[in-house]
Every structure is written in structure tokens, then in C-alpha cells.
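Trainee: Let me give you the structure first, and then I'll get to my questions.
No value in this document is a laboratory result; all are computed from the given coordinates. No experiment lies behind these values; they were computed from the predicted model shown. Neighbour counts run over all protein chains shown; Cβ positions are idealised from the backbone, glycine included.
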Amino acid sequence: MREIHVIGIGAGDPDQLTLQAVKALKRTDVFFLLDKGEAKADLVRLRRDILDAHLPQGTYRLVEARDPERDRTAGSAAYSPAVDDWRSARADIYERLLAEELGEQESGAFLVWGDPALYDSTLGILEEVRERGNVAFTYDVVPGISSVSALVARHRTGLNRVARPVQITTGRRLAEGFPEGVDDVVVMLDAHQAFLRHAQDETAEDMHIYWGAYIGTPDEILASGPLAKTAPEIARLRAEARERKGWIMDTYLLRRRPKG
């Protein structure tokens, strides 16, 4: 039976690998990498650096495939169908890789940024491949340090406050309004910078932002402060970084002063 390891490799710093992750690397025969194009070649290079740091060269095989493009122009109504189509296209690639590149007695691995359970599609895609029934395999999951954990650590703050809830959401959801019933909100996948809209609200004076991009890598950028004052600076830093690298991965925590 083919065996797959889904390994969380942290937010970018090779030192963030857990001992469990390193042990999983050493049990793997074939590593699968999805190439996202020249603009994001850094992501492939960082994965290679992690492997070279923990495994002797020549002891493993690396197989790369081109990641399918996702329709990022889809509106709100078409967003979920567009994501479903992209995941199915990825499932086609995974299925082919497992069938053609992995022997029945071998183990393979997917190296996942951050933690595989948080805003990552790998587990859902592997389940879709299993349900198709064309290739048999088992898999396990190794948790990793998420960008959320790394963000608050770099800013030397907590994720939640005493007896207060915290919510993790997306920029698309934040654009619809600040979540009800919480004052600490972590935002991921905010391509349209929804924090700028909230920086103009009358409640902005009660909000603080902790922001980070490329967390854990040599390109890491951090900024924090009152939202109304800091949001324009973050927008500038973000635009410059995207222009320089061609892509950006950022996360932030919005913290509101509790009412009452």
C-alpha cells in the first residue's frame, strides 16, 4: 500500500520544522512539489533548502508538477465553484503523481506551508483522490507551525485575551463586516486589503493591527500599531513587496478594544 505523509513545514523558517516532521522526511522516498511558476520560484527553493538541510543528497527523489491556475476573477457567487474546479484539477494531478511516480511499497510526501489543517487544500484533495478509487494509499498528517502562530510570536503578543474568543477568517469575509461577538480577528488571504476599509470606520480608533508578510523568511516584513495610522503604511509596504517579488503572503491580527 502506498503511504503518504502530509507534512506541515512551518511559515518559512527552516528551523520551524518539528522533530516529528524531520522523522517523517526521513521515512519518505518521493517528495511531490507543485510549481506555481517563475514568480513563486522562491517557494520551491525554500522546500528544497529544507530537504537539503535534513536529508543527505541522493537519498530521496523529487517530482515536480505544474500547479493549475485558479480563476481569481470570479465574483462572490462564482467563488466557491471556481475553487471546486481548481481543487478537482489539482486532484487530477495528485492522482497521476501517485499512480505513476510512487511504487506500491513506497512512501511519498507533500510539504505544506504552515499547518495542513489551516487554510490549505491538500487534505481535501487527497480525500477526493481516495474517493475516486483509482489509486490506493493511506496517509497521515504532521502538524506544523502556522503563519498565525508565527505572526503573534514575532509581534510578542498573544492570539487571544483572557476569557475572550478569537476568530480566524479571510479578507473576503472581513470585507463584509467585522465579525460579531469577537474583538480579536486573524485575517488570511486578504488580496484586496480589507483592513483599509476598516481603517476609515469611526471604530478604527479602537483597533490595533499586527501585520506580517513572508513570515519566517529572509524577506519578512512586520508592522504594527493603531489601525487608522498603520494601515496606509502597511498598504505601501505591501505594494512595494509585491512589485519586488511578484507575489505576497501576509497575515494580520486585528484587535479591537472590548465594548463596555
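Trainee: How much length, in nm to one decimal, is gained on full extension between residue 259 and residue 89, taken as 0.36 nm per residue of separation minus their Cα-Cα distance?
Mentor: Result for the pair: 56.6 nm of gain on full extension.
Trainee: On to the next question. Answer rounded, prolate or oblate for the range 110-243, using the Cα gyration tensor with square roots of eigenvalues a ≥ b ≥ c: rounded when a/c is under 1.5, else prolate when a/b is larger than b/c, else oblate.
Mentor: Because a/c hits 1.5 or more and a/b exceeds b/c, the range 110-243 counts as prolate.
Trainee: Can you list the residues, at least 5 places off or on another chain, whose amide H is less than 5 Å from the amide H of residue 170, using H built in the peptide plane?
Mentor: HN-HN under 5 Å from residue 170: 188.
Trainee: Related question: Restricting to the range 1-124, what percent of DSSP beta bridges are antiparallel, rounded to 5?
Mentor: 5
Trainee: Which entry in [x] 51, 39, 32; [y] 51, 39, 38; [z] 61, 40, 40 is this structure's computed Cα extents along the principal axes in Å?
Mentor: [z]
Trainee: In addition: Normalised by the residues of the range 191-260, what does the relative contact order come to in percent, with Cα pairs under 8 Å and at least six apart?
Mentor: 37
Trainee: Determine the percent antiparallel among the DSSP beta bridges restricted to the chain, to the nearest 5. Walk me through the numbers on the way to the answer.
Mentor: Details: 19 of 45 bridges.
Of those bridges, close to 40 percent are antiparallel.
Trainee: While we're looking at this one, here's another question. How large is Rg over Rh for the range 36-185, taking Rg from the Cα atoms and Rh as the Kirkwood inverse mean of 1/r across Cα pairs?
Mentor: 1.00
Trainee: Related question: If you line up the long axis of helix 227-245 against the longest principal axis of the chain, both from Cα atoms, how many degrees apart are they, to the nearest 10?
Mentor: For helix 227-245, the angle is close to 30 degrees.
Trainee: Each residue of the range 189-198 in order: what ³J(HN,Hα) in whole Hz does its phi give by Karplus 6.51 cos²θ - 1.76 cosθ + 1.60, θ = phi - 60°, with x for Gly and Pro?
Mentor: Whole-Hz 3J(HN,Hα) from phi for the range 189-198: 6, 9, 5, 9, 6, 4, 4, 5, 5, 6.
Trainee: With each label point set 7 Å from Cα along the Cα-Cβ vector, what nm distance links residue 206 and residue 235?
Mentor: Computed distance between label sites residue 206 and residue 235 equals 2.3 nm.
Trainee: Let me ask something else about it. Kindly rank 4-13, 43-52, 197-206 from highest to lowest mean number of other beta carbons found within 10 Å of each residue.
Mentor: 4-13, 43-52, 197-206
Trainee: Right, something else. In whole Å, what is the distance between the alpha-carbon centres of the range 182-230 and the range 80-117?
Mentor: Here the answer is 32 Å between Cα centres.
Trainee: Each residue of the range 165-182 in order: what ³J(HN,Hα) in whole Hz does its phi give by Karplus 6.51 cos²θ - 1.76 cosθ + 1.60, θ = phi - 60°, with x for Gly and Pro?
Mentor: In residue order, the calculated couplings are x, 10, 10, 10, 9, 10, x, 4, 6, 4, 5, 7, x, 5, x, 6, x, 9 Hz.
Trainee: For the range 5-37 and the range 41-56, write down the distance between their C-alpha centroids in whole Å.
Mentor: Value for the Cα centre distance between the two parts: 9 Å.
Trainee: Moving on to the next point. I'd like the orientation of helix 76-101 relative to the chain: the angle between its Cα long axis and the longest Cα principal axis, in ° from 0 to 90, rounded to 10.
Mentor: 30
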